[in-house]
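Report on the structure given below.
The values are calculated or read from the model by the stated rules, or taken from the named source; none is laboratory data. As the structure is a prediction and not an experimental result, all values here were calculated from the model. Because the Cβ atoms are built from the backbone with ideal geometry, glycine has one as well, and the counts that use them run over all protein chains shown.
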Amino acid sequence: MMTPTALLFVTAAITGAAQAARPAAPKASPSAPSASPTTISPGATEPGSLPPGTSLAEVPPSPPTSRELTLAAATETALTSQPLLRQARAQANAADARADVARAPILPQVTANATYQRATSNFAPRPGALPSQVSTSTSGPTFRTFDYWNFGITATQLIYDFGQARGRWHAAEATAEGQHETARAARLTTILNVRTAYFQARAQKSLISVQRETLANQERHLDQIKGFVELGARPAIDLAQSRTDVANAKVQVIIAENAYATAKAQLNQAMGALQPTDYDVADETLAPLPEEDQALDSLVQIAISARPELVALDKLVQAQEHQLRSARGGYGPSLGASTGFTDNGQQIDNLRWNWNITVNLNWPVFQGLLTTAQVREAEANLVAVKAQRDVIDQQLRFEVEQARLLVRSSKAATLAVEEALLNSRERLRLAEGRYQTGAGSVIELADAQITTSLAAAQRVNADYALASARAQLLKALGRE
């Protein structure tokens, strides 16, 4: 076995030759194996070469990108293109229209009509229709026909119905207002989904850099170990282990590239954008929120005053209260008035006009207990909506507390991960030095490289978790 001093000279020579033969690799952290000379039996494969017909596969380059997508641009695209958001706005507009429909019975109703008729004038008396003194004798029926013209216009107005029509109108108005708040909640959810998908894509992009750095380190280790094995300073199994590590690192780069492309496709879906993924996401995150370190009770009060879901349910409660008053109004009568003007006759140039006015009081005394059942239904619906509001209130408190805890734990985890990454890189540096002097093994070097790669990936995940937690807290507080 070579002495540590001799191995240091060999290491320096091999490293210099490798750097001269290979293009410069990204800054990285290596891995390598343990020492002991090897002998080559006749006909065996040379330690520095692959078996015949075998070659190291190259990692395909990253797909080309034509532009950079910022978080603000992604959010703006979602607010204009997301189909679910357009659907929510359309439903709110439809609710406004239904409120106008419910108001219609309160306003005057005007109807105009015109009729032309060509008919025979044969009279058919009906028993009891005329006094007995009136003669009903007529000539026989004929097919002689006459013209008859009739023009009319009628106006009706509901005067009072114990709040039935107005109750339905105000209920529809409150429902429409609640639907607009639901649309605002959909907007907040869309923004959260876009931010989460954006930060996921950014994390996958960062993981590509981590995996490519790992691959560069493994390839550098392979060059060094190949030189050691060719000089007989290390066994051939170290070279096989290093080639396996390089191949695995290439697989991880390919997986990371695919995960990044998939994350961008998911981002397109969150934005509602029908576009290719030929873009890169910018390295953006959310700045610390002024409220993220406040007490839970303070955050809950902010959320209660701002969350559109609670406002929407308050409006639904109002709507059900109006519906209940409307149903109770069914116990009373309804009062209305109408007026009409007619102009009719056999000759269109010689018509006779008439005018009338009517006041109508309608009181359904008994309808098979219909009104009683409608009142009970409205009372039950009111209880259900109030219970639903309490459920949302509890859910809101949970979302605020969950987001607050996620922000706090993610901030703490970020500091811990930074320390872990620093220590793992130091461990890798020491493992490389030990392997070069013959004191360490290829397993020790590989373990140090794996630990460094995992620590770097954990830092990426910690950044993603913190950004996503802040996005969740914004949404929980009812803010964009």
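Things worth noting here:
- Of 240, 263, all but one fail to be assigned to a helix (DSSP H, G or I) and at pLDDT 95 or above; the exception is 263.
- First in segment 331-354 and in contact (Cβ under 8 Å) with a residue 60 or more places away in the chain and of a type in the set (D, E, K, R), second anywhere and outside any strand (DSSP E or B) and loosely packed, with under 15 Cβ neighbours inside 10 Å, Cβ under 9 Å, 6 or more apart: 343/351
- Selection over segment 284-317 of residues that are part of a helix (DSSP H, G or I) and buried (at least 18 other Cβ atoms within 10 Å of the Cβ) gives a count of 11.
- Of all the criteria given as (1) within 21 Å of residue 196 (Cα to Cα); (2) at pLDDT 95 or above; (3) of a type in the set (Gly, Ala, Ser), the one not satisfied by residue 337 is (1).
- For segment 347-390, the set of residues classified as outside any helix (DSSP H, G or I), more than 30 Å from residue 118 (Cβ to Cβ) and polar (S, T, N, Q) consists of 358, 360, 362, 367, listed by residue number.
- Considered as a group, the residues in segment 360-392 that are without any contact (Cβ under 8 Å) to a residue 60 or more places away in the chain and farther than 18 Å from residue 326 by Cβ include one that is surrounded by the fewest Cβ atoms within 10 Å (Cβ to Cβ), and that residue is 365.
- Within segment 266-278, considering residues that are polar (S, T, N, Q) and assigned to a helix (DSSP H, G or I), the one surrounded by the most Cβ atoms within 10 Å (Cβ to Cβ): 268
- Residue selection: residue 448 satisfies the criterion of being touching a helix residue (DSSP H, G or I) at 6+ places or on another chain (Cβ under 7 Å), of a type outside the set (S, T, N, Q), part of a helix (DSSP H, G or I) and closer than 19 Å to residue 207 by Cα.
- Just so you know, in segment 141-173 the residues that are small (Gly, Ala, Ser) and crowded, with 21+ Cβ neighbours inside 10 Å include one that is nearest to residue 123 (Cα to Cα), and it is 167.
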